[in-house]
Amino acid sequence: MKINDALPLEYRTEENSNKIFGFWLFLGAEIVLFSTLFAVYLTLWNRTGSGPTGKELFEINGVIWETVLLLTSSFTCGLGIHAMRLGMKKPMMIFFGITLLLGLGFLGIEITEFVNYVHEGATLQTSAFLSSLFVLLGTHGLHVTMGFLWGTGILIQIKRQGFTDETANKSFIFSLYWHFLDVVWIFIFSFVYLKGLM
Amino acid sequence: MKNKKRWLFTSILISIIMLLSGCNSMVVLNPKGPVAKTQSDTIIFSILMMAFVLLVVYILFVVMLTKYRASKTSDDYEPPHMEGNKWLELIWTVIPIIIVAILSVVTVRTTNAVEKVPAGYETQKPLVIYAASSNWKWHFSYPEENIETVNYVNIPTNRPVEFRLYSYGPITSFWVPQLGGQKYAMSDMVTKLNLVAEHEGSFMGKNSNFSGKGFAQMEFEVLAQTPAEYSKWVKDVKDTAPKLTEEEFNKLLKTEIVGRKSYTSTHLGFAPAPMDMSEHGHDGDSKTESTDSGKEPMDHSDMSNMDHSNMDMKDHSSMESGH
Amino acid sequence: MKWDEFFVTGEPMIYGAMVSIVLVSIAILVGLTYFKKWGYLWREWLTTVDHKRIGVMYILSALIMLFRGGVDALLMRTQLAVPESGFLDSQHYNEIFTTHGVIMILFMAMPFVIGLMNVVVPLQIGARDVAFPRLNAVSFWLFFAGAMLFNISFVIGGSPDAGWSAYFPLASLEFSPTVGNNFYSLALQISGIGTLMTGVNFIVTILKMRAPGMKLMRMPMFTWSVLITNVIILFAFPVLTVALALMMFDRIFGSQFFTMANGGMDMLWANLFWVWGHPEVYIVILPAFGIFSDIISTFSKKNLYGYKSMVFSMVIISLLSFLVWAHHFYTMGAGAMVNGFFSITTMLIAVPTGVKIFNWLFTLRKGKISFTSPMLYAMAFIPIFTFGGVTGVMLAMASADYQYHNTMFLVAHFHYVLIPGTVFGVLAGLHYWFPKLFGFRLNEARAKLAFWLIVVGFNVAFMPLFFLGLQGMTRRMYTYSADTGFGPLNFIATIGAFVLAIGFVVLCYNFYYSFRHSPRDEHGDPWDARTLEWSTPSPVPVYNFAKVPHVESQDAFWHSKKHNAPLYKEGPYEEIHMPNNSGQPFILGVIMFFAGFFLVFSWFTPAIIAGVGVVIMLALRSFERDHGYHISAKEIAATEQKLRGDSV
């Protein structure tokens, strides 16, 4: 196995640098996936049928909290990777732990929001607008959920094995994923909530 | 290899014979109105252009295969290394671009032409006919004459006819090949098709877009008559046919396949077409209307608060019981 | 759903299919047990991560699906042979043309192409395997699970019946109330995810794992075509993922994306479907272009003419492929402006395609052409595909398309590009690389017989459809009356279809015949070929290359043969690191199959349990510590000694 010590730990083996490149490609596919969902949403957003419009539905408070939590988690995730590169195991685990907790908080608010919508009679079945809203937000939320499970798995592995080529590689790839979800959320915030409230 | 060439040759020969003998049966190339004529001319022009392209490729192909086969060269012949040739490659890039450019001009012109009221007929007031599909039949409403037919449509010759198409269900496509190309009929918007018949006669019309079980039976007759005969037919219908009640219409929607029917009123009063532009003061000026219809798919936005949601409900229930 | 609706009933043909499925399954089980092959099957195939074996499994599945799709085609042609035929009823016919389309494109053309990619690409670039062997196995088993899920709809629940394009609202619950289209959305979803993973895998493989000295512009044309194809996969398949997910939500969870009430928009589906669907056409055609390029070059004994413009034209085609989707529905009334734009982009594709045709023709020039079976397919491809291509230009003209749309003319056109393009391409590739995989060539006499039956049958089957289209015969109609005059041409077409089918039978028989009678290949280079895959012994050892080849030019192997320049550096063998086999991808495929199956019938509790199973499989993989194994230098030396004799 070729090992290049000049690179950061997560890039050192050829296999690992391939994995990072492959993950970037996967994120490219994810961008297309979310772009399609956005295109669907923007096509259907004022086809509300007999259901409520975005303006009637959205509550800005929860959304702001979601945004704050997710942006902060992206920041702490970055700090975690920085700590990893410095070889500091405990700070890295703490930062990753915070990241995941913030993600959990985000999910909590989002689920509450969904429950509120449904209580107001705005369900997936109500109108094309709501269908596209739920599926767009739900896909993002599902990604965050998967990210939470994945991150938890990585934390356990780092606790057991410390920083190895493999765990460093996984953590780094996880951080790419997590930042990506943050970027998607910024688009959701702008094109769904701000646009809807305007 | 010899039988391959022979086969190619005979197949081309057979095609030509079929083409020549079959011209009458090929409805697309046997137009009876200006729209279909434009399209038929476009098709024949493109066939000629493409035949030229094919000829060039086939000649080169035959030359290469006959001249450079291994059996014709000596055993120690070593083919040369050839990187390519800038000029040759430029030629076979530029000539296709020129061909595509010519075809593009033709396409844009003819597409514009067939979307509009045919040249020479712009000044006449078009006869508006609503053509709606449901299950596996067609409803034709004549708001001007206040009559409605099912599965047949009579039109006067030499007068522009504006078909306004929509569907009570799956997407269908309204097609009368000898008068002009098809257009989709959809449930949430009205599309428009301008046709003119310049010859009298009975023409086949059909739905060409697969729409379920009874699709193959979804044909109708278009009868082009002289204006005098047409007026007489309208009068006949008014004298003899019953009124189309809402109840009768809903029953009709539920029936999967029916024969011909005639009525002395239309369903537009109690079940208007979706997004009907004509009721919003666009009537008359066909030019603006055709551009309007061009933009329709982009702005369905305000559709949901139109009254057709009401219509949707109705026809949903009828569809369900139809199954 | 009531239990008596679970199995499709009432059709003798379907009972026949059920019985034969049961019998074949029992035969396989008994056979495996009797010959004590269970362990072999599991160890060598179901758990393999070797790209060559995965490739073989893809190709085998594709051949089985070709049989299924072909039988569908024959049933359709039999029904249409004469007017007012009572052979099939409308519902049955609708299901058959739907499954024919879906299976031929997604479960035949795709896996065939991907199978050849798997077999050939790592060998052509001098790599030991793909970048992610385990992911590769996952891709295959997801594809396979999807294919099986789709096929099971024939006997359980009912097949989809809204066409392979599944236009809404026809495909909605309202107008298509059976579970058929649930099968469509879930089966395609599962195999689509596998395809997307293939896309990622091969881009990384080609960009990062080439042998030293193999610059991008030295890659064989097939590898180039695969690279470009996988970029298209990466950008097109997520759109299908979304479209199918929305379809599933509409049908199973009652959402309103494409419905007729509450703001749903039917043409949104058509747009999403074709934004994926048109690039999909190029996903199956570009690798065929690559295969033909390699074959024409090999059997003309010349390098490929205009290499750079060949690459460049494929890049242009891939870009344009994303800008033409609306030509599938000019007739929706988008207006002359929009249609004009899409007409021009569509016709522009003819330019790079034409460049490729002329480059192939000039590759032949001054060559030394030998007409082997792969070359015959390539030579039939050029004239027939050009014919299909120019009819495509005719269809691209919006005003004329109003007359061709939905007619047999269109059907004839796309069969005239997809069969000589994709099908001849993969068959040529199969004949060409077959000795690399199995160590013996397919019998030439029988291969050529099959070829001529296929080529003649194809033209007789599809040429009449052009004329039927111009006569006004629409596609997808299950019957027509005698006074339409469609009868005679349809009858000719049916004869052609059966000749074509006989050709395929001969082709398949040739596998068996050649297995029995063909002489075994000794040196690994039966065609005197040009690219790296022929420099290693046949069948290829598990590690592909004992030493990493060093590449100095295009057609690296040819160069080394002509200039006596060794591809491999002197020196002792080094040990080789290989990935371990794993049963996880197979198990994941099985779980995905059941997850899909339960969702089809809206059995949510078992579906959720299966979903949890998927998550558990992912976690298992994350926590697994598997560093593969090493093949020692001594073992390599022994293997090479056996395969090559004393040389090297």
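Where a number appears in this text, it was derived from the coordinates with a stated rule and is not lab data. Computed from a predicted structure; not experimentally measured. Cβ atoms come from the backbone with ideal geometry, glycine included; neighbour counts cover every protein chain shown.
If you line up the long axis of helix A:165-188 against the longest principal axis of chain A, both from Cα atoms, how many degrees apart are they, to the nearest 10?
For A:165-188 against chain A, the angle is about 20 degrees.
Please give, to one decimal in nm, the separation of the simple spin-label points placed at C:Val22 and A:Leu149, each 7 Å out from Cα toward the Cβ.
3.8 nm
Using the 10 angstrom Cβ neighbour count as an exposure proxy, how do A:Ser73, C:Ser602, C:Ser165 rank, fewest first? Don't skip to the end; give the middle numbers.
Numbers: A:Ser73 28, C:Ser602 13, C:Ser165 18.
By the 10 Å Cβ count, ascending: C:Ser602, C:Ser165, A:Ser73.
Can you list the residues of the stretch A:92-109 with backbone N under 12 Å from a point 7 Å past the Cα of C:Ser622, pointing along Cα to Cβ?
A:100
Report the calculated FRET efficiency for C:Ser632 and C:Ile495 (r = Cβ-Cβ distance, R0 = 56 Å), to the nearest 0.05. Don't skip to the end; give the middle numbers.
Numbers: r = 60 Å, r/R0 = 1.08.
So the FRET efficiency works out to roughly 0.40.
Helix C:133-152 versus the longest principal axis of chain C: what angle, 0 to 90°, nearest 10, using Cα atoms?
Orientation of helix C:133-152: about 30 degrees from the principal axis.
What is the average number of partner chain Cβ atoms found within 10 Å of a Cβ in C:386-392? Display every interim value, and only then the final one.
On the way: counts 7, 4, 0, 4, 9, 3, 1.
Partner Cβ neighbours, averaged per residue: 4.
Using a 7 Å offset from the Cα along the Cα-to-Cβ direction at both B:Ala241 and C:Ala482, what is the distance between the two label points in nm, to one decimal?
3.3 nm
Placing unit charges on C-beta atoms (Lys and Arg positive, Asp and Glu negative, everything else neutral), compute the dipole magnitude of the stretch B:92-193 about its Cα centre in debye, rounded to 20.
On the way: 8 positive and 7 negative charges, 40 e Å.
Magnitude of the dipole: close to 200 debye.
Let's test the formula: R0 of 41 Å, r as the Cβ-Cβ distance of C:Glu552 and B:Tyr58. What FRET efficiency results, to the nearest 0.05? Present the calculation step by step, with values, prior to reporting the outcome.
Numbers: r = 39 Å, r/R0 = 0.94.
The pair C:Glu552/B:Tyr58 has a calculated efficiency of 0.60.
Helix C:633-644 against the longest principal axis of chain C: what's the angle in degrees, Cα atoms only, rounded to the nearest 10?
Its long axis makes an angle of about 80 degrees.
With the crude spin-label approximation of a point 7 Å out along Cα→Cβ, what separation in nm comes out for C:Leu319 versus C:Phe67?
4.5 nm
Using only DSSP helix segments of four residues or longer, with each worth -39500 (n - 2.57), what per-residue ellipticity at 222 nm results for the protein assembly as shown after dividing by its residue count and rounding to 500?
Details: 34 runs with 693 residues, N = 1169.
Mean residue ellipticity at 222 nm (helix-derived): -20500 deg cm²/dmol.
To the nearest whole number, what is the average tally of beta carbon atoms from other chains within 10 Å of the beta carbons of peptide B:95-105? Each step should come with its number before you reach the end.
Working: counts 3, 11, 5, 0, 5, 11, 3, 0, 9, 8, 1.
Shielding by partners across B:95-105 averages 5.
Can you give me the Cα centroid spacing of the stretch B:180-225 and the stretch B:106-134 in angstrom?
For the stretch B:180-225 versus the stretch B:106-134, the Cα centre distance is 14 Å.
Which trypsin sites (Lys or Arg not before Pro) from the stretch B:198-269 combine a DSSP loop assignment with at most 12 other Cβ atoms within 10 Å?
Numbers: sites: B:Lys206, B:Lys213, B:Lys232, B:Lys235, B:Lys238, B:Lys243, B:Lys251, B:Lys254, B:Arg260, B:Lys261; in loops: B:Lys213, B:Lys243, B:Arg260.
Passing both the DSSP loop test and the Cβ count: B:Lys243, B:Arg260.
What FRET efficiency do you get for A:Ser190 and C:Lys308 if R0 is 45 Å and r is their Cβ-Cβ distance, rounded to the nearest 0.05?
On the way: r = 43 Å, r/R0 = 0.96.
It comes out at approximately 0.55.
Please compute, for peptide B:215-223, the average count of beta-carbon atoms on other protein chains lying within 10 Å of each residue's beta-carbon. Kindly include the intermediate steps, with their values, before the conclusion.
Working: counts 8, 10, 5, 2, 4, 0, 0, 0, 0.
What the average comes to for B:215-223 is 3.
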